[in-house]
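Chemist: A single structure is presented below for examination.
The values are calculated or read from the model by the stated rules, or taken from the named source; none is laboratory data. Because the structure is a prediction, the values reported are computed rather than measured. Note that each Cβ is placed from the backbone with ideal geometry, even for glycine, and that neighbours are counted across all protein chains shown.
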Amino acid sequence: MNVCDESRPWIDISQPLNEKTAHWPGDTPFSYETALTKEETGSVNIGRMTTSLHSGTHADAPFHVNDRGAGILDLDLHAFLGLARIVDVSNASVLDEKLFRTLDLDGTARLLLKTSVPNRPERFPEAVPALTEDGALFLAELGLKLLGVDVPSIDPLDSREVQAHHTLFETGTAVLENLMLDDLPDGDYELIALPLPLQGADGSPVRAVVRPLPNEKGD
């Protein structure tokens with residue numbers, strides 16, 4: 001991956017983080033303030049932010065759903081950068097094995113799903129097309145390194161079992177949520193979506209970017 005290839009600019013697929021960014025009901029909203037001004041310090045402005053780790057575009061860690069699960073700093077960074085395939089599944093009400101068997105996923109290491117939910121960062125959706133357990137197992141059998149979605153969760157928003165999270169994490173598949181994919185066509189891309197090195201954290205905001213592949217594929 002030649003990150004400096006200026007002939008193929010990177011496309012930001014991250015939600016902007018500001019006071020209007022929607023957050024999980026009852027969770028900590030994002031806020032930013034200039035805690036110290038240049039006038040006060042004599043040299044620099046210093047900002048301070050407060051946020052849930054699951055606001056905006058973010059990666060989940062197994063510790064998010066399992067007290068004994070790995071934290072975000074323990075995950076393999078290679079899952080979050082490399083070849084990815086964007087697939088439009090906006091006609092599907094659930095993300096199950098039957099759906100995935102209709103898609104061209106041969107050789108896919110990282111799968112980014114464009115669902116029926118519009119990319120509106122300021123609105124928290126009432127419902128999402130959820131990943132079923134058989135769908136999660138099918139993706140794991142493909143050897144998927146990462147699954148990304150353009151909604152706040154791969155599970156139903158009211159789920160307490162969060163079975164899809166458990167299934168993917170138990171099979172070593174990383175999870176990205178709240179991507180912005182509406183304006184991108186289906187196809188293969190290079191992806192960079194690195195989480196922050198937050199010790200012991202259950203997730204992390206990411207700056208997710210993609211760009212179409214050159215004529216020749218490479219991983």
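Chemist: Among the numbered criteria (1) more than 22 Å from LEU83 (Cα to Cα); (2) hydroxyl-bearing (Ser, Thr, Tyr); (3) in a loop (DSSP other than H, G, I, E, B), which one does THR167 miss?
Modeler: It is condition (3) that THR167 fails.
Chemist: Then there's this: Considering region 40-85 alone, what residues qualify as being assigned to a helix (DSSP H, G or I), under 30 Å from ASP106 (Cα atoms) and acidic (Asp, Glu)?
Modeler: The answer is ASP74, and nothing else.
Chemist: Right, something else. Within region 163-194, which residues are under 10 Å from the mean Cα position of the chain (by Cα) and either farther than 16 Å from VAL149 by Cα or of a type in the set (Gly, Ala, Ser) (or both)?
Modeler: ALA174, ALA193
Chemist: Are any residues in region 118-162 part of a loop (DSSP other than H, G, I, E, B) and charged (D, E, K, R), and if so, which ones?
Modeler: Correct list: ARG120, GLU122, ARG123, GLU126, LYS145, ASP150, ASP155, ASP158, ARG160, GLU161.
Chemist: Search region 70-95 for residues that are at positive phi and pair each with any residue that is surrounded by fewer than 20 Cβ atoms within 10 Å (Cβ to Cβ) and part of a strand (DSSP E or B) when their beta-carbon atoms are under 9 Å apart and the residues are at least 6 apart or on different chains.
Modeler: Listed pairs, sorted by first residue: GLY82/ILE192.
Chemist: Of the residues GLU19, GLU6, GLU39, only one is in contact with a strand residue (DSSP E or B) (Cβ under 9 Å, 6 or more places away or on another chain) and more than 25 Å from ALA174 (Cβ to Cβ); which?
Modeler: After ruling out the rest, the residue left standing is GLU19.
Chemist: Taking the condition within 17 Å of PRO185 (Cα to Cα), touching a strand residue (DSSP E or B) at 6+ places or on another chain (Cβ under 8 Å), small (Gly, Ala, Ser) and in contact (Cβ under 8 Å) with a residue 40 or more places away in the chain, does GLY148 pass?
Modeler: Here the answer is yes, as GLY148 does meet what is asked.
Chemist: Another question, if that's okay. Quick check on region 142-162. Is at least one of its residues among the charged types (D, E, K, R), farther than 30 Å from MET49 by Cα and surrounded by 16 or more Cβ atoms within 10 Å (Cβ to Cβ)?
Modeler: Yes - at least one qualifying residue is present in region 142-162.
Chemist: Just checking, does region 29-47 include any residue being in contact (Cβ under 8 Å) with a residue 40 or more places away in the chain and either on the phi < 0 side of the Ramachandran plot or touching a helix residue (DSSP H, G or I) at 6+ places or on another chain (Cβ under 7 Å) (or both)?
Modeler: no
Chemist: Looking at ASP155, ASP134, ASP150, which is the one that is at pLDDT 95 or above, touching a helix residue (DSSP H, G or I) at 6+ places or on another chain (Cβ under 9 Å) and closer than 18 Å to GLY203 by Cβ?
Modeler: Within the list ASP155, ASP134, ASP150, the selection yields ASP155.
Chemist: Let me ask another. Can you say whether LEU176 is in contact with a strand residue (DSSP E or B) (Cβ under 8 Å, 6 or more places away or on another chain), touching a residue at least 12 places away in the same chain (Cβ under 8 Å) and either surrounded by fewer than 19 Cβ atoms within 10 Å (Cβ to Cβ) or among the aromatic types (Phe, Trp, Tyr) (or both), as far as the supplied structure shows?
Modeler: Answer is no for this residue.
Chemist: Next up: If only one of PRO25, PRO9 is at pLDDT below 95, out of contact with any Asp or Glu (no Cβ under 9 Å at 6 or more places or on another chain) and either in a loop (DSSP other than H, G, I, E, B) or among the acidic types (Asp, Glu) (or both), which one is it?
Modeler: Going through PRO25, PRO9 in turn, just one is at pLDDT below 95, out of contact with any Asp or Glu (no Cβ under 9 Å at 6 or more places or on another chain) and either in a loop (DSSP other than H, G, I, E, B) or among the acidic types (Asp, Glu) (or both): PRO9.
Chemist: A further question follows. Can you confirm whether ARG120 is buried (at least 20 other Cβ atoms within 10 Å of the Cβ), of a type in the set (Lys, Arg) and over 11 Å from LEU95 (Cα atoms)?
Modeler: Spelling it out, it is not the case that ARG120 is buried (at least 20 other Cβ atoms within 10 Å of the Cβ), of a type in the set (Lys, Arg) and over 11 Å from LEU95 (Cα atoms).
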